[in-house]
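Written out below as structure tokens is the structure these notes cover.
The values are calculated or read from the model by the stated rules, or taken from the named source; none is laboratory data. This structure is a prediction, so every number in the text was calculated from the model and none was measured. In this analysis, Cβ positions are derived from the backbone assuming ideal geometry, glycine residues included, and neighbour counts consider all displayed protein chains. Only protein heavy atoms, including side chains, enter the accessible area calculation; ligands, DNA and RNA are left aside. Shrake-Rupley method; radii C 1.70, N 1.55, O 1.52, S 1.80 Å.
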Amino acid sequence: MDMKRDVVLDVNEKPGFLQWIGLSLQHMFSMFGSTVLVPLLVGLNPGIALFSSGVGTLLHILITKKQIPAYMGSSFAFIIPMVALMKTTGYPGVATGVISVGIVYLIVAAIVAVIGTNWIEKLLPPIVVGPIIMVIGLSLSSSAAQSATLLDGKYDIRVFAVAMITLGLTIVFNMFLKGFLGLIPILLGIVGGYIFAILFGLVDLAPVAHAAWFALPDFDIPFVDYKPVMHWGAIIVMAPLALVTITEHLGHLMVLDDLTGRDFMRNPGLHRTLAGDGTASIFAGLVGGPSVTSYGENIGVMAITKVHSVYVLIGAAVFAILFSFVGKLSALIQSIPGAVTGGVSFLLFGVIAASGLRIIVENKIDFNLKRNLMIASSVLVIGIGNAYLQVGEGNDIIQFSGVAIATVLGIFLNLVLPEKAASEK
């Protein structure tokens, strides 16, 4: 592919020092809410999640030879089994599951390294890729809407007002700012929204005041904090879900391909991106964190700012690691309410969906053909509506998300449907 001509900073370009700080903080703020939400829901330490996401990102960038600007954040796909395991085995069981997920990634990476990626183009043509990318963005819309409307599970007009103000500010900053400020509209939108959230009484600053400046994350390290045991139940519950997140990994890689004008599946190679993801998860399991995955929020930031520099993501990872040790800074970031993150997410998730639409338009997909209509319609509704597949009972439930089901269905329909319907011949 030809490189995009309208980028501000390409993948291997370095920003100036002050730009670097602002752009990296923007990425860290964008991923922070979701990354710490997972451990809060599961019962893990948010500081550990922040630390493991930062180190995991650096490992991913190292393994992919500094070619892929991706951020590794806490994965939502494993929340249900991790919650169940915390109640029965505690973190040692979660660690077994998280590490097993990483091993599955490494196994798939080894297979890809042997057989190559030519099969990818056959499985994932534009008629499949476009709708899948749209689903990745739009399937997150309900979580953004909930963050932008609910406070403690109940509708609050103040939350909605702050979310819309945050969205409005971010749009204005995107459209009218130039120079350095024009590169950090997401960060400025979050800061502006946060100020309004304080004015609307949605921010509790007490935890910030009481937090220590230095706070060591609550690490859970095998042979140091516990004696590791092979929890086969954890492996059975969590390892298969890696196949689900691998499909989402492919979707994110497609979006990055489109944004940067590259073919990352060939260079540095899908085997390297999968190995990077897997290694990041294994590290998280060894220090006490949840499984990690590439983050759509950060892809959205890159799409809006047209800054694709891998060095900016390295900066974000370093900030995440540093902030995991600074109690007051971590507390300040954790005080950002859902109203603000929800307002920004309206834009971030929408931009991802629009990238999928652009693929459909640029490849001139003909929706007068029933084949294309059947594939796109099924993928969009199942994925956006989250028609998930749930197998098992009690603590052994395995859930495949609507995104994963839509991806598999899109690939299947593309392989089996004829070029034209019987009525079109």
Between residue 118 and residue 357, what is the label-to-label distance in nm when each label sits 7 Å out along the Cα-to-Cβ direction? 3.7 nm
Tabulate in residue order the Karplus-calculated ³J(HN,Hα) for region 416-421, using 6.51 cos²θ - 1.76 cosθ + 1.60 with θ = phi - 60°, rounded to whole Hz; enter x for Gly and Pro. 9, 6, x, 4, 9, 5
At 1.4 Å probe size, with the rest of the protein present, what percent of the exposed accessible area of the chain is carbon and sulfur atoms? 68 percent
Under the rule that an exposed site lies in a DSSP loop and has at most 16 other Cβ atoms within 10 Å, name the longest stretch of the chain with no GluC sites (Glu not before Pro) of that kind, not counting the sites themselves. 14-392
Which of the following values of Cα extents along the principal axes in Å was calculated from the structure shown: [x] 82, 53, 47; [y] 72, 57, 44; [z] 68, 54, 48? [y]
Two pseudo-spin positions, 7 Å from Cα along C-beta at residue 199 and at residue 226, lie apart in nanometres by 4.7 nm
How many Å² of accessible area per residue for region 174-260, probe 1.4 Å? 53 Å²
Could you give the length gained by full extension between residue 88 and residue 415, i.e. 0.36 nm per residue of separation minus their alpha carbon distance, to one decimal place? 113.5 nm
Using a 7 Å offset from the Cα along the Cα-to-Cβ direction at both residue 6 and residue 216, what is the distance between the two label points in nm, to one decimal? 5.1 nm
25 °C / 0.890 mPa s Stokes-Einstein diffusion coefficient of region 309-425, Kirkwood radius on C-alpha pairs, µm²/s: 133 µm²/s
Enter the accessible area per residue of region 1-91 (Å², integer; probe 1.4 Å; all protein chains in place). 40 Å²
Using a Förster radius of 51 Å, what is the FRET efficiency between residue 425 and residue 141 based on their Cβ-Cβ separation? Nearest 0.05, please. 0.85
Before I look further, what does region 308-425 give for accessible area per residue, probe 1.4 Å, in whole square angstrom? 46 Å²
